[in-house]
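See below for the structure under consideration.
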There are 4 protein chains.
Amino acid sequence: MRENTWKTAITSIAPNEIRLRGYRIDELMGRIDFGQALYLLLRGELPDEKVGRLVTAILVSSVDHGVTPPSVLGARNAASTGAPLNACVAAGVLAINRLHGGAIEDCARSLTEIVRRADAWGCPVADAADQTLGEYKQQKVRIAGFGHRVHTTDPRTARLFELAADAGVSGRYVEAARAVEAWFAKQGKPLPINVDGAIGAVLCELGFEPEVMNGFFILARTAGLIAHAREEMTRERPMRKIDQDAAEYDGPPPRTARS
Amino acid sequence: MRENTWKTAITSIAPNEIRLRGYRIDELMGRIDFGQALYLLLRGELPDEKVGRLVTAILVSSVDHGVTPPSVLGARNAASTGAPLNACVAAGVLAINRLHGGAIEDCARSLTEIVRRADAWGCPVADAADQTLGEYKQQKVRIAGFGHRVHTTDPRTARLFELAADAGVSGRYVEAARAVEAWFAKQGKPLPINVDGAIGAVLCELGFEPEVMNGFFILARTAGLIAHAREEMTRERPMRKIDQDAAEYDGPPPRTARS
Amino acid sequence: MRENTWKTAITSIAPNEIRLRGYRIDELMGRIDFGQALYLLLRGELPDEKVGRLVTAILVSSVDHGVTPPSVLGARNAASTGAPLNACVAAGVLAINRLHGGAIEDCARSLTEIVRRADAWGCPVADAADQTLGEYKQQKVRIAGFGHRVHTTDPRTARLFELAADAGVSGRYVEAARAVEAWFAKQGKPLPINVDGAIGAVLCELGFEPEVMNGFFILARTAGLIAHAREEMTRERPMRKIDQDAAEYDGPPPRTARS
Amino acid sequence: MRENTWKTAITSIAPNEIRLRGYRIDELMGRIDFGQALYLLLRGELPDEKVGRLVTAILVSSVDHGVTPPSVLGARNAASTGAPLNACVAAGVLAINRLHGGAIEDCARSLTEIVRRADAWGCPVADAADQTLGEYKQQKVRIAGFGHRVHTTDPRTARLFELAADAGVSGRYVEAARAVEAWFAKQGKPLPINVDGAIGAVLCELGFEPEVMNGFFILARTAGLIAHAREEMTRERPMRKIDQDAAEYDGPPPRTARS
């Protein structure tokens, strides 16, 4: 026996047989969507289709938000110097931290605390939220996941909560998020739930631990980083000054996917 | 007007409205799978469902291959020192290069050359393949995307080609890949198409340019990197020696997803 | 005036004139060593030659420690897949975290606390050290910078403290480090000051803030990472399994630099 | 014997004894400067002091060039999102590629070709340069290492060549660089040797292989990246828009290091 034996529960490899958490990968191909694959990798079990669709929707919600986020600037900045695609992605991912993408995890921790208090105190979630937000205010702590520098109502939030309700996973964390939003409204300075806050609430509902939540954003945004790095390589001259406020959209005009 | 104006065709941002390639992102959420989202980002158009399912299957095929690939070792190595999740992902992605993941692009270039020659010479793809492989042999060039150190028949290949046929996109690049496989068999040293070669062929069928093909692998494997980094953080002691041959699988036993 | 004006105190650029912290860079070239340059960049002033020599010695002490540190494995792992030199360095640097390299900063914080207490309590540093270590023991907190998995007496520590004494910067932080070492000896389990602890103590003496101390290790080790990445590229076959315990040294035999 | 035995010639580790290329590291500390340490790591031998001083001068010449280089923007961009110091450095290093920093290696390759031709043709280096540059012009190839977007005469070049002459290593590669400069002057569009070109020439004189030359720039600039990342963390608000043209220097006024 080797001295350094260790365990992994993710994937087993045998000749001509690759199994993810017990399932043959070729059997999963064409049968599950990417949200289900991610859920399976992180949780060890295949979610049902509605939950898979919800996780996929979380990923779709975060694939891109235009040219201004630091992750996109990092990827384009590297691309502009001649970096290969993987280095552009890595440079972009290194700019996903507490202040960019990290609101998902931070919001989830606050919502978890609110729900925990509601349980401990035997009170409605809304009361626990009011109490918690009051304390935050006194401590001058800002709760993450509310308000957006561009959007007064984040269109992704309503849609995500709708899909969560469809999947039967809209419970007390979503309730807590809404209670926080209501608290801000009562204070006279409305700060609606943004997409990060909504994702944090839904991932809590699904039982994910906060420590992996940043991973959903990293994975989703990697798709956007690839698109931006490639656009930089093909449309712009190398070593240009990238002025993030000077970009103009010249892609397809508004259209609808509804059939 | 600003001096440094530049153009982007990926995403437009307006207050309360985010559009990917013209489509409202909240409308896409819950409606498309992640393969469709990636296709839309890279190509500017929504693929039909079968093509979307095919792209998703490409992603699912590459989410993970156990603990030995260099990208996983890179991510676990960083995790073992206390790195945050995004740094683990970045360290892993930096190990995805020509020799790991890069076979997709390299194989696609060879298949493109074979198909181009068949067109130029007005001959069957199989003849162009034989001629090209003969030249490679003389030049001691190894074609990428064939053979695997573990699998004698890569189970992902057959499934991917099946889904490509379903989607109506199994044409001359897949034919070229099979011709290369047949050429190796005729030489008496069978080297079956591996998953990288199969992905390269299918992405050629879908009209992707070779320069972005590595991106499919980077994006897919990022899901696995997140799972491995998190497993390293939670199951292993820090700063351990990671012996890639000493891992034992202790996850769920073999099971089936078929309903 | 531009709206986003911001300030930098590091370097001024004018046509044909580059000034670091006010000094012409061409005037500095050939006149200062690299330790002085780093000190100048971080602190804004040129240190005298003895301090410069001390900072350089810190850098020299940490350039390399063979093939087993995670940073080196990260760089070699990337190199093995065909990564360019800068990606190898980045992958290695991403494995320099709290548990590898980070002991410098953590030790510095503990020594700072001990010295602060000695001041506040008006007692000898040794007494403050005993008290602090006693508390750590009760809280099961491990102080960083003491003990080494290979060295029972770290040869770099004695030399660094000697150079610090020469430079006239061996004061209460070095005293605190030695008091901690003495405390461990009194406990019957000797844990000598390792190079990280020694660097932490000396950087405290020099007045650096803990937040940049990791930077000294990152910068120094980058030199080693470049050497290892290049050795991997030139001496090893690609995509090999890197067994960190199976490396044998075959470089120059022991020799001395003394004239 | 272990199956995967491999060799390294860089560092040997034994209890209480660390040897770089045969020299005890504690003996080197305080005795050599960082340029000598880097030379020793990459070449296996200690250079004499003049060469060591020359290598150190190369490093000092490249530690920083203000806020506009992509590597600095990459590091500041990551810092702005809350990244730890090592991630800022990695993000910056990932922007050092062929178009930023890479001119050193590219110029070295051209100078090597010119010197090789002078040898092969038995002609003066200047004639080989004229012939080579003429061919480049016809092929519309741009030689790297000449001209600078800010400096009409790069002050670092003259100083570096002066130090190379002092160290007795100003030979045919420096001659070739000057011949290229003269060729541009004859064409009526002066493109003086910039610091990258000068470093490339001097590293050729010292016998370094082009493949490691980028490493000198990566290592040197890492010092600057640390300073910039830290300045961003301490002086700027998080998630700001970094307008590289809007920075104003507010550090120490012009001063001299001459004693």
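The values are calculated or read from the model by the stated rules, or taken from the named source; none is laboratory data. Note that this is a predicted model, so its numbers are computed, not measured. Cβ placement follows ideal geometry from the backbone for every residue including glycine, while neighbour counts extend to all protein chains displayed. To get the accessible areas, we keep the full protein, side chains included, count just its heavy atoms, and leave off ligands, DNA and RNA. Shrake-Rupley method; radii C 1.70, N 1.55, O 1.52, S 1.80 Å.
Once the convex hull of the C-alpha atoms of segment B:1-149 is built, how many Å³ does it hold per residue, rounded to a whole number? Provide the component values of the computation, followed by the final result.
Numbers: hull volume 36.7 nm³, N = 149.
Considering the Cα atoms of segment B:1-149, their hull volume per residue is 247 Å³.
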Per-residue mean of C-beta atoms belonging to partner chains within 10 Å, peptide A:156-169: 2
Candidates A:163, A:94, A:191, ranked by Gaussian network fluctuation over chain A, Cα under 10 Å, top entry: A:94
Unit charges on C-beta of K, R, D, E only; dipole of the protein assembly as shown, Debye: 0 debye
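Return the loop-located trypsin sites (Lys or Arg not before Pro) in segment C:127-173 (DSSP other than H, G, I, E, B) with at most 14 other Cβ atoms within 10 Å of their own Cβ; answer none if there are none.
Values: sites: C:137, C:140, C:142, C:149, C:156, C:159, C:172; in loops: C:140, C:142, C:149.
Listed in order of number, the matching sites are C:140, C:142, C:149.
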Lys, Arg +1 and Asp, Glu -1 on Cβ, resulting dipole of chain C about Cα centre, debye, nearest 20: 360 debye
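Across all directions of projection, what mean area in square nanometres is found for the Cα convex hull of segment B:48-242? Present the calculation step by step, with values, prior to reporting the outcome.
Details: hull surface 48.2 nm².
Orientation-averaged projected area of the Cα hull: 12.1 nm².
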Karplus-derived HN-Hα couplings along segment C:39-54 (A = 6.51, B = -1.76, C = 1.60, θ = phi - 60°), whole Hz, x at Gly and Pro: 4, 4, 4, 7, 10, x, 10, 7, x, 5, 5, 5, 5, x, 5, 5
Distant-in-sequence amide H partners of residue D:193 (H built 1.01 Å from N, under 5 Å): D:147
Residue with peak Gaussian network fluctuation, chain B [Cα springs, cutoff 10 Å], from B:212, B:150, B:72: B:150
Long-range amide H partners of residue A:249 with built H, under 5 Å: B:8
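Accessible area lost on pairing B with A, both sides, 1.4 Å probe, Å² to nearest 100? If you can, show how the numbers build up before the last one.
Numbers: alone 15280 and 15290 Å², together 20960 Å².
Interface area, both chains combined: 9600 Å², rounded to the nearest 100.
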Relative contact order computed over chain C (Cα-Cα under 8 Å; 6+ residues apart), in percent: 25 percent
Set of lysines with alpha-carbon distance to residue D:137 below 29 Å, sequence-local pairs under 8 removed: A:241, D:186, D:189
Span from the segment C:134-209 Cα centroid across to the segment A:189-214 one, whole angstrom: 44 Å
Unit charges at the beta carbon, dipole of segment C:106-196: most positive-side option, C:144, C:128, C:173: C:144
Check: segment A:135-259 dipole with +1 on Lys, Arg Cβ and -1 on Asp, Glu Cβ, in debye: 320 debye
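Using only alpha carbon pairs under 8 Å that are at least six residues apart, calculate the relative contact order of segment A:60-181 and give it in whole percent.
Values: 86 pairs, mean separation 28.8, N = 122.
Relative CO of segment A:60-181 lands at 24 percent.
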Inter-copy separations for residue D:248, label at 7 Å along Cα-Cβ, nm, ascending: 3.1, 6.6, 6.8
Nm distances between copies for residue C:122, ranked from closest, using label points 7 Å along Cα→Cβ: 5.4, 9.1, 10.6
Selection from B:229, B:190, B:256 lying farthest towards where the dipole of segment B:187-259 points positive, charges on Cβ: B:256
Of all chain D residues, the one whose C-beta is nearest the axis that brings D onto B, in angstrom: D:87, 3
J(HN,Hα) series, segment A:29-34, from Karplus relation 6.51 cos²θ - 1.76 cosθ + 1.60, nearest Hz, glycine and proline x: 4, x, 10, 10, 8, 5
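Using the scaling law 2.2 N^0.38 Å as the reference, what is the normalised Cα Rg of segment D:158-259?
My calculation over the Cα atoms of segment D:158-259 gives 1.46.
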Other-chain or far-sequence residues with amide H under 5 Å of residue C:151's (modelled H): D:16
Other copies of residue A:162: label-to-label distances in nm, shortest first, labels 7 Å along the beta-carbon direction: 3.6, 7.2, 7.5
Sum of -39500 (n - 2.57) over DSSP H runs of 4+, divided by residues of chain A (222 nm, nearest 500): -17500 deg cm²/dmol
Partner chain coverage, peptide B:210-220 - average Cβ within 10 angstrom: 5
Bins of 20 Å, starting at 0 and running to the largest distance - Cα pair percent for the protein assembly as shown: 12, 42, 37, 9, 0
Positive dipole terminus of segment C:1-50, leading residue within C:9, C:39, C:25 (C-beta point charges): C:9
Pair residue B:109, residue B:234: separation of 7 Å Cα→Cβ label points (nm): 4.1 nm
q = 0.22 Å⁻¹: log10 I(q)/I(0) that the Debye formula gives for segment C:35-89, counting C-alpha atoms only: -0.78
Theoretical FRET efficiency, 1/(1+(r/R0)^6), r = Cβ-Cβ of residue C:5 and residue D:137, R0 25 Å, to 0.05: 0.05
Straight-distance crosslink candidates among aspartates and glutamates, where the alpha carbon sits under 16 Å from residue C:140 and sequence neighbours closer than 8 are dropped: C:106, C:130
